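Quick notes on the structure that follows.
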Amino acid sequence: MTTTHASSAGRITLVGAGPGDPELLTVKAVRAIRAATVLLVDDLVNDAVLRYTRKSARIVHVGKRGGCTSTPQAFIEKLMAAEALKGERVVRLKGGDPFVFGRGGEEADHLRALGLQVDVVNGITSGLAAATALGVPLTHREHAHGVIFVTGHARGHTGSDSAALHWPTLAAAAAQGLTLVIYMGVSTVESVQQGLLAGLGADTPVAVVQHASLPQQRQACCTLRELVATIAREGLGSPAIIIVGDVVRGAMSLAQQELPARVA
Ligand code: SAH
């Protein structure tokens, strides 16, 4: 019975819209956006990306812009399924990469359980864009053996509570040369800083990048000890990526030139 749905229904494609700069879309993403008849668009997706939509396409914004309540996840999934079953070509545009946080996995599972065909198109995840914005090679051979992508948000991930994340353990990993790339970490930065200080030196370099790849991009570099104070002083807020580790050291001198009064 599921095959009946799959063959008669339009496709659903989860498309990564990248970190913001429309030039960072993949060719595949542009092709999927052009082909879509219905698009469900997350709030972290830059509207400039919508220039590739057909005039006749129906565009539904499902994010939580300006702190408004976001469209419930169940509604989004229902709408995608209903439109696909009507034969529409549905594209779900998600910020960054669909499978790096942001619930792409849940959506794909749900839709596939309904017998629908789901394709996924990679996007450049904001953690990578933030590093590039600073000129930081996340796995620079002299400083890092690898990289950990982690969420700082206590809620928002069904089935996992990152309050349960043990930051001192992550600090220990970072101390061994694993760069930490923290998503959704600004609102919980006090506990992130406190937890990391349990296993990392207070002088560990840290960078914060808000709106990576967009004209309004802002960034600051500081030490772990100063992370909370720097974010407050700079007025940095979501969406932002926090990068922790020695790889940030190289960006310090650059940041020093750009933000003379702000860098320790
Ligand atoms: N799927 C997305 C992540 C969604 S979770 C991706 O791959 O990038 C939302 C978090 O992503 C935000 O809280 C922020 O931490 C990060 N984020 C998204 N876009 C960003 C941007 N342009 N600059 C900095 N951080 C961003």
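Points to keep in mind about this one:
- Condition met for Gly104 (assigned by TED's automatic domain parsing to the domain that holds Pro22 and away from the ligand (no atom under 15 Å from the Cβ)): no
- Members of the range 28-43 that are touching a residue at least 60 places away in the same chain (Cβ under 8 Å) and touching a Lys or Arg at 6+ places or on another chain (Cβ under 8 Å): Asp42
- Considering residues of the range 178-219 that are open to solvent by 40 Å² or more (accessible area, probe 1.4 Å) and closer than 20 Å to Val147 by Cβ only, the residue farthest from the chain's Cα centre (by Cα): Gly201
- Among the numbered conditions (1) touching a residue at least 60 places away in the same chain (Cβ under 8 Å); (2) on the phi > 0 side of the Ramachandran plot, the only one that Arg249 does not meet is (2).
- If you check Ala57, Ala84 for being hydrophobic (A, V, I, L, M, F, W, C), in contact (Cβ under 8 Å) with a residue 60 or more places away in the chain and open to solvent by less than 40 Å² (accessible area, probe 1.4 Å), only one passes: Ala84.
- Among the residues making up the range 220-235, a single one is polar (S, T, N, Q) and either buried (at least 19 other Cβ atoms within 10 Å of the Cβ) or not assigned by TED's automatic domain parsing to the domain that holds Ile148 (or both): Thr230.
- The range 16-27 residues that are closer than 16 Å to Pro98 by Cβ and more than 9 Å from the ligand (Cβ to nearest atom), paired with ones that are open to solvent by 20 Å² or more (accessible area, probe 1.4 Å) and among the aliphatic types (A, V, I, L, M) (beta carbon under 6 Å, 6 or more apart): Leu24/Ile124
- Of residues in the range 136-148 being among the aliphatic types (A, V, I, L, M) and outside any strand (DSSP E or B), the one farthest from the chain's Cα centre (by Cα): Ala144
- Residue that is least open to solvent (accessible area, probe 1.4 Å) [pool: residues in the range 238-252 that are part of a helix (DSSP H, G or I) and away from the ligand (no atom under 16 Å from the Cβ)]: Val247
The values are calculated or read from the model by the stated rules, or taken from the named source; none is laboratory data. These numbers come from a predicted model, not from an experiment. As a convention, Cβ positions derive from the backbone with ideal geometry for all residues, glycine included, and neighbour counts pool all protein chains shown. Only protein heavy atoms, including side chains, enter the accessible area calculation; ligands, DNA and RNA are left aside. Shrake-Rupley method; radii C 1.70, N 1.55, O 1.52, S 1.80 Å.
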